[in-house]
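Everything below concerns the one structure shown next.
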Amino acid sequence: MTEPAPHMTPEQFRRHGHEIVDWIADYWTRIGSLPVRSQVSPGDVRASLPAAAPERGEPFDAILADLERVVMPGVTHWQHPGFFGYFPANTSGPSVLGDLVSAGLGVQGMSWVTSPAATELEQHVMDWLADLLGLPASFRSSGTGGGVVQDSSSGANLVALLAALHRASGGATVRQGVQPERATVYVSSETHSSMEKAVRIAGLGTDAVRIVEVDGDLAMDTGALAARLERDVARGYRPVLVCATVGTTSTTAVDPLAAIGPICQKYGVWLHVDAAYAGVSAVVPELRKLQAGVEWADSYTTDAHKWLLTGFDATLFWVADRAALTGALSILPDYLRNSATDAGAVVDFRDWQIPLGRRFRALKLWFVLRWYGAEGLRAHIRDHVALAQELAGWAEADERFDVVSPHPLSLVCLKPRWPEGVDADVATMTLLDRLNDGGEVFLTHTTVHREPVLRVAVGSPATTRAHVERVWTLLKEGHDWLAADFAAQAAEQAAARAAERERAEREHAERQRAGREQAEGDPEQPTGDATDAAAPGQEANQP
């Protein structure tokens with residue numbers, strides 16, 4: 001007789017759940033003592049796992065022990081106060097607890113009827129956030145548009161493109177597919193790669209992408225955009241979407257929405273704003289000027305899971321006209337029909353995204369908003385911006401570093417200065433490796449004007465001024481150590497070259513002396529440096 005499945009009872013869950021919460025709390029307490037970047041080599045984690053899954057269930061203690069033995073060595077600690085790489089990937093206590101509730105409920109929120117709270121709470125939270133960010137009224141659920149929580153900004157960029165294609169084709173893409181030889185999409189050289197990936201997935205192909213030049217601040221050049229649109233329309237292309245960025249991945253450059261918007265309207269092009277990192281900063285009123293002109297946007301995305309204390313995944317996505325979005329994505333098989341949907345009385349978020357199924361993501365956002373309040377979120381953003389500005393000030397006053405781009409938020413891009421004769425690119429990347437290998441901090445790099453620069457992104461909830469001071473100290477110490485090392489290498493090379501010249505000169509002198517001695521011993525032989533040697537066939541001493 002087959003034994004029943006060993007389901008965890010509520011009491012077992014209660015006991016082990018407390019253990020897990022304690023483990024997480026202990027982890028957050030000790031995280032600062034761990035090396036930021038994982039120290040394992042490729043294959044180490046898999047080598048510590050058995051070849052086959054367990055045949056019989058194991059005690060929870062064994063699972064928890066292997067969490068420490070197997071998993072933890074292979075974790076790069078994104079919540080570490082010394083994590084300054086990429087962009088922040090915040091989480092927080094309220095977010096984790098909200099996710100726990102969502103996981104416990106196990107809701108499948110694809111349609112309103114499958115759990116009305118999953119839909120209506122999300123609509124309401126997205127309206128709250130639209131208010132907090134100062135977004136246009138058209139993005140509210142009470143208007144023509146609305147907001148939805150997507151899995152990522154990459155996914156949001158894709159659905160924005162699909163909605164734009166639907167509108168540009170008058171709905172023909174649903175029936176006939178795309179016409180890749182005609183459609184064009186406009187990005188800058190600083191736009192995130194996910195937009196090009198979206199173009200590929202949508203069936204347009206990379207040839208449909210038009211890369212618009214940027215200005216000295218790495219923002220989209222509006223004159224170049226207008227010229228490209230005019231040229232493409234004259235050649236018979238159909239411009240579909242312009243992707244403008246607020247806070248580019250490399251340097252947090254900001255495209256001028258207020259100038260781009262009227263251009264898009266003139267040519268009937270969908271304006272999508274990718275503010276994945278920087279958008280949430282608009283909870284701080286004095287930072288909203290970075291998004292001046294957002295009222296021109298047809299769609300907008302920002303990630304609460306980057307800088308707004310909410311664990312991945314929590315991408316906030318709004319459209320001004322939800323009909324274009326649902327027109328592109330809605331499909332209703334018979335097994336999903338219900339009276340509320342048929343009556344048109346509800347929103348079914350399955351029609352606002354690529355997959356059918358969806359988690360109850362709004363719960364963790366609701367927990368975060370309720371715990372911190374608008375004031376707490378503003379304080380969080382302001383603290384990080386202030387720390388980044390202080391770091392930039394230190395670097396600008398130091399002859400060893402240059403700040404290479406505007407830094408309105410919490411990212412600072414630094415270019416180390418190196419002695420003449422040093423390969424600056426190699427030196428900069430060597431400095432990065434040295435810092436990351438040390439374990440105290442973790443940084444990433446980007447390329448600005450074809451030269452590598454170091455990115456210092458302040459964002460972890462645990463990061464304080466002391467941690468920013470420490471990364472600055474490590475940057476200076478690493479620079480000085482490498483500069484001294486390069487100087488020593490240069491001195492060694494110079495000494496070697498001098499020794500080689502001395503050896504060559506000594507050998508030349510020896511040959512000269514040997515030649516003179518030979519000439520003195522045989523006066524009829526010309527010396528090695530004689531200038532009046534006889535021509536062939538002539539006597540050397542012929543008068």
The stretch 100-211 - Rg (one decimal) and Dmax (whole number), Cα, Å: 17.0, 48
query: Rg and Dmax of the stretch 130-187 over Cα atoms: what are they, in angstrom?
result: 14.1, 41
field: Among beta bridges that DSSP assigns inside the stretch 155-282, antiparallel share in %, nearest 5
entry: 15 percent
task: Provide the percentage of antiparallel DSSP beta bridges, counting only those with both residues in the chain; round to the nearest 5.
output: 60 percent
field: Full-extension gain in nm, Glu451 to Gln176, via 0.36 nm per residue minus C-alpha separation
entry: 94.5 nm
message: Checking a compactness column here: for the stretch 234-304, what do you get for Rg(Cα) / (2.2 N^0.38 Å), N being the number of residues?
response: 1.15
- line: Plugging the Cβ-Cβ distance of Glu399 and Ala292 into 1/(1 + (r/R0)^6) at R0 = 22 Å yields, to the nearest 0.05, a FRET efficiency of 0.05
query: In the neighborhood of Tyr335, defined by Cβ-to-Cβ distances under 14 Å, what is the net charge if each Lys or Arg adds +1 and each Asp or Glu adds -1?
result: -1
query: Using every alpha carbon pair in the stretch 333-390, what percent of pairs falls into each 10 Å bin from 0 up to the bin containing the largest distance?
result: 17, 27, 22, 19, 11, 3
query: Just the Cα atoms of the stretch 71-132, one point each, no solvent: what log10 I(q)/I(0) does Debye give at q = 0.28 Å⁻¹?
result: -1.16
Asp423-Ala65 pseudo-label distance in nm [points 7 Å out on the Cα-to-Cβ vector]: 4.9 nm
task: Per residue of the stretch 108-113, in order, report the coupling 6.51 cos²θ - 1.76 cosθ + 1.60 (Karplus, θ = phi - 60°) as ³J(HN,Hα) in whole Hz, putting x for Gly and Pro.
output: 9, x, 5, 10, 4, 5
- prompt: For the stretch 311-455, which whole percent of the accessible surface, found with a 1.4 angstrom probe, sits on carbon and sulfur atoms?
  reply: 51 percent
task: Extending each Cα 7 Å along its Cβ direction at Val113 and Arg15, get the distance between those two points in nm, one decimal.
output: 4.3 nm
message: Looking at the chain, I'd like the Rg to Rh ratio, where Rg is from alpha-carbon atoms and Rh is Kirkwood's inverse mean 1/r.
response: 1.17
Per residue value of the accessible surface for the stretch 166-277 (all protein chains in place, 1.4 Å probe), Å²: 41 Å²
field: Dipole in debye (nearest 20) - the stretch 1-92, about Cα centre, beta carbon charges: Lys, Arg +1; Asp, Glu -1
entry: 360 debye
- line: Listed by chain and number, the aspartates and glutamates with an alpha carbon less than 19 angstrom from that of Lys476, same-chain partners under 8 positions apart left out, are Glu390, Glu396, Asp398, Glu399, Asp402, Glu420, Asp423, Asp425, Asp433, Asp437, Glu440, Asp485
Hull-based mean projected area of the stretch 1-158, where the convex hull spans the alpha carbons, in square nanometres: 14.8 nm²
field: Accessible-area composition of the stretch 135-198, carbon plus sulfur, in percent [1.4 Å probe]
entry: 50 percent
message: Could you derive backbone 3J(HN,Hα) for the stretch 46-55 from the dihedral phi with the Karplus parameters 6.51, -1.76 and 1.60 (θ = phi - 60°), listing whole Hz in sequence and x where the residue is Gly or Pro?
response: 5, 5, 8, 9, x, 5, 10, 5, x, 6
Over 32 Å (Cα to Cα) - which of Lys197/Lys364; Lys266/Lys415; Lys197/Lys415 fall in this group: Lys266/Lys415
query: Say each of Ala484 and Ile331 gets a label point 7 Å from the Cα, pointing the same way as Cα to Cβ; how far apart are those two points in nm?
result: 6.5 nm
- prompt: So which lysines pass the test for Lys289, namely a Cα distance under 21 Å, with those fewer than 8 places away in the same chain ruled out?
  reply: Lys306
field: Environment charge of Thr301, counting only residues whose C-beta is closer than 13 Å and scoring Lys/Arg +1, Asp/Glu -1
entry: -4
task: Report the semi-axes of the equivalent ellipsoid for the stretch 1-76 in whole Å, largest first, where each axis is √(5λ) for an eigenvalue λ of the Cα gyration tensor.
output: 28, 20, 6
- request: Report, by chain and number, residues whose modeled amide H sits under 5 Å from the one on Ala183, excluding near sequence neighbours (fewer than 5 apart, same chain).
  value: Arg238
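The values are calculated or read from the model by the stated rules, or taken from the named source; none is laboratory data. If you're wondering where the values come from, they're calculated on a predicted model, not measured in any experiment. Heads up, the Cβs are rebuilt from the backbone with ideal geometry, glycines too, and the neighbour counts pull from every protein chain shown. All accessible areas refer to the heavy atoms of the entire protein, side chains included, with ligands and DNA or RNA removed. Shrake-Rupley method; radii C 1.70, N 1.55, O 1.52, S 1.80 Å.
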